[in-house]
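Novice: I'd like to ask some things about the structure below.
The values are calculated or read from the model by the stated rules, or taken from the named source; none is laboratory data. Keep in mind that this is a model prediction, so the values were computed, not measured. Please note: Cβ atoms are built from the backbone with ideal geometry, for glycine as well, and neighbour counts cover all protein chains shown.
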Amino acid sequence: MADNDDLDLPDLGKDAKSAEVGGHVQSRTATDLEAVFDVPVNVSAVLGKANMQVSDMLNLAKGTVIELDRKVGEAIDIYVNNRLVARGEVVVVEERLGVTMTEIIKTDRG
């Protein structure tokens, strides 16, 4: 896909980061995450939603247009494992659709 130069993500590269855990300062790097690199996740990009009755859904045919709850140019929601993590825009990459993240959603895990 496109390069990620414009993403504002934490750098987990060669420079070690420090975090205080239980009164002790610990260094962490990208190698600390190696155990989860191969864990599969489900990523969904939601363009919009629509509500309809089952009878209307059964009448859908090829070429039917379904009106969504979003406007053209409005940010789409990006979910990872059914959790909203970002908003973004639809882009075209080599004749395929893609998504570029424009905002990371930070939520409190409570």
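Novice: Can you tell me which residue within the range 60-95, out of those that are surrounded by 10 or more Cβ atoms within 10 Å (Cβ to Cβ) and in a loop (DSSP other than H, G, I, E, B), is farthest from the chain's Cα centre (by Cα)?
Specialist: Only one residue fits best here, namely 60.
Novice: Shifting gears a bit: Look at residue 101 and say whether it is more than 30 Å from residue 39 (Cα to Cα) and out of contact with any Pro (no Cβ under 9 Å at 6 or more places or on another chain).
Specialist: Numbers: more than 30 Å from residue 39 (Cα to Cα): no; out of contact with any Pro (no Cβ under 9 Å at 6 or more places or on another chain): yes.
No.
Novice: So, in the range 6-30, of the ones that are surrounded by 10 or more Cβ atoms within 10 Å (Cβ to Cβ) and more than 25 Å from residue 100 (Cβ to Cβ), which residue ends up modelled with the highest pLDDT?
Specialist: Here is the first cut: in the range 6-30, the residues surrounded by 10 or more Cβ atoms within 10 Å (Cβ to Cβ) are 7, 12, 16-17, 26-30.
Retained after the next criterion (residues that are more than 25 Å from residue 100 (Cβ to Cβ)): 16-17, 26-29.
On the way: 16: 47, 17: 54, 26: 68, 27: 74, 28: 76, 29: 81.
Looking at the filtered set, the residue picked out is 29.
Novice: Pairs only if they're at least six apart or on different chains, beta carbon under 8 angstrom, first in the range 67-84 and under 19 Å from residue 105 (Cα atoms) and in contact (Cβ under 8 Å) with a residue 24 or more places away in the chain, second assigned to a loop (DSSP other than H, G, I, E, B) and hydrophobic (A, V, I, L, M, F, W, C); list them, first residue then second.
Specialist: Short answer, once both residue conditions are applied: 76/47; 80/41; 81/41.
Novice: So, one more: Only one of these conditions is not met by residue 35: (1) modelled with pLDDT of 90 or more; (2) farther than 28 Å from residue 92 by Cα; (3) not β-branched (Val, Ile, Thr). Which number is it?
Specialist: (1)
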